[in-house]
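Take a look at the structure set out below.
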Amino acid sequence: MKHLFNLGLRNLLRNRIRTAITLGAIVFGVCGLIVSGGFVRDIFIQLAEALIHSQSGHAQVGREEIFGAGSRSPERYLLKDPELLRKQLMSDPDVKDVMARITFSGLLNNGKTDYAIIAEGVEPDRELALGTHLRVLAGRMLKDSDRFGAMLGEGVAAAMHLAPGDQATLVVSTLDGATNTLDIEVVGVFQSFSKDYDARSVRISLGAAQDLLLTKGVGKLVISLHSTDATDAFISRMKPQLAGDLRIFDWRILNDFYQKTVDIYQQQFGFLQAMVMLMVCLSVINTLNMSLLERGWEFGTMRALGNRSRTIVSLIVVESLVLGVVGATLGVVLGVLLALLISGVGIPMPPPPNAEIGYDAYIRIVPLVLLQSWVVGILATLLASLYPAFRSSRVPIIDALRSRA
């Protein structure tokens, strides 16, 4: 094997231009996979953080009904002892904070017309740390001191022609079925990642929401973790500790749009990997065919001296393996450098579908993507060498010796 490796390396160095062309194709393919894979992974990370820090948090705990059919009337499925549950959740080392929310539907009246909204009673000061992806378009964020203040989603504010400082009235049905109203003052207009969310969302303080619904309960607890990567481990620890009628769901389940987006991009990236492998295969096959035609007499001489056909195949495969390893390694190095360069600048991106906020994309350096790209570059080169190697080993010796002329 060492002899074949040395001989293969000398053969590659003998025709440096052709070797450089083949290496270029491999390097380009591997580098393309790393950049595109890092770009896709950045989309996943930024989309996840936007959803977590503008709407859902890392996880939510509530009664089972509130995540199913009860979501239409979540105010009817309140937690029995939210403070005790909050203490239990806060005892976990991965938990940063736990926020109480109560969600209800109603009408917003501006003195002229009514508009159907989904309102949330929140703990404003606690939500400030979680809602880092909420963009304030006008006014300011809601505070605990804003007893009758409200923040409106951009779509609600536009539809009702409301701005900070304006007055409006919330009209809802209490838990007993009676109609109740609350006069509010708009303190701010926000924009989240989701256009649909902004079109119906109104946020008021938790105390005001409880007074409006004539209850002291909360609908769910929203959990903020120190790191998104800790979500799965946290969910696994908490599930056995919850009472029978309580359920905990992570941000992926709460935002089914995310998983659909991931599935689409993963399919696209898989198709890209297949196309890169095909491109590298075709390039290597073309180069090898040209090289093997010129070296037919060489293989004929080797076989005339007693070397078997499998020795010829092994020599060609070893040459391709060396070419693949060197090209894939150079591609990884170049891909990492290119990713660092692009990430240092950022790529301005338009808002994704169903969103209103653009963002700066980066190329993430993901070890798994680097490994996959490196392996794809080598496998493509090896696969491309098999047929030319087999064909060269089957040429009759006399025909191979004549090919020099």
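The values are calculated or read from the model by the stated rules, or taken from the named source; none is laboratory data. Remember, it's a predicted structure, so these values are computed and weren't measured experimentally. Every residue, glycine as well, gets a Cβ built from its backbone with ideal geometry; the counts of neighbours run over all protein chains shown. All accessible areas refer to the heavy atoms of the entire protein, side chains included, with ligands and DNA or RNA removed. Shrake-Rupley method; radii C 1.70, N 1.55, O 1.52, S 1.80 Å.
Kindly sort Ser236, Ser343, Ser105 by accessible area of their heavy atoms, largest first, with the probe set to 1.4 Å. Please report the intermediate quantities before stating the final value.
Values: Ser236 80, Ser343 35, Ser105 55 Å².
Greatest to least solvent exposure: Ser236, Ser105, Ser343.
Excluding ligands, DNA and RNA, what is the solvent-accessible area per residue of the chain at a probe of 1.4 Å, expressed in Å²?
On the way: 19860 Å² over 405 residues.
Counting only protein heavy atoms, the per-residue value for the chain is 49 Å².
Report, to the nearest whole %, how much of the accessible area of the chain belongs to carbon and sulfur atoms, 1.4 Å probe, protein only. Let's see the in-between values first.
Numbers: 12000 of 19860 Å².
Whole-percent figure for carbon plus sulfur exposure: 60.
Determine the distance separating the Cα centre of region 155-202 from the Cα centre of region 39-70; give it in Å without decimals.
22
Can you tell me which of 184-196, 360-372 comes out highest on packing, and rank the rest after it, using the mean Cβ neighbours within 10 Å?
Working: 184-196: 21.4, 360-372: 16.5.
Per-residue Cβ counts within 10 Å, averaged per peptide and sorted highest first, yield 184-196, 360-372.
Beyond 27 Å, what share of the Cα-Cα pairs of the chain remains, rounded to the nearest whole percent? All intermediate terms of the calculation are to be shown ahead of the outcome.
On the way: 51304 of 81810 pairs.
Tail of P(r) above 27 Å: 63 percent of Cα pairs.
Apply the membrane-span-like helix rule to the chain: whole DSSP H runs, Cα extent along the own long axis of at least 15 Å, mean Kyte-Doolittle hydropathy at least 0.5. List the helices found. Working shown, then result.
Working: long enough: 2-14 (18 Å, -0.13); 16-51 (52 Å, 1.36); 256-294 (58 Å, 0.62); 309-345 (54 Å, 2.13); 367-393 (39 Å, 1.27).
Span-like helices in the chain: 16-51, 256-294, 309-345, 367-393.
Return the lysines within reach of Lys220: Cα separation strictly under 30 angstrom, same-chain partners fewer than 8 residues apart disregarded; answer none if there are no such residues.
Lys80, Lys87, Lys96, Lys143, Lys195, Lys239, Lys260
Tell me the mean residue ellipticity at 222 nm calculated for the chain from its helices only (DSSP H runs of n ≥ 4, each -39500 (n - 2.57), averaged over every residue, nearest 500). All intermediate terms of the calculation are to be shown ahead of the outcome.
Values: 14 runs with 216 residues, N = 405.
Here the helix-only value at 222 nm equals -17500 deg cm²/dmol.
Any chance you could get the radius of gyration and Dmax over the Cα atoms of region 96-182, in Å?
Cα-based Rg and Dmax for region 96-182 come out at 13.6, 43 Å.
Taking only C-alpha pairs under 8 Å that are 6+ residues apart, what is the relative contact order of the chain in percent?
Values: 712 pairs, mean separation 106.3, N = 405.
Computed value for the chain: 26 percent relative contact order.
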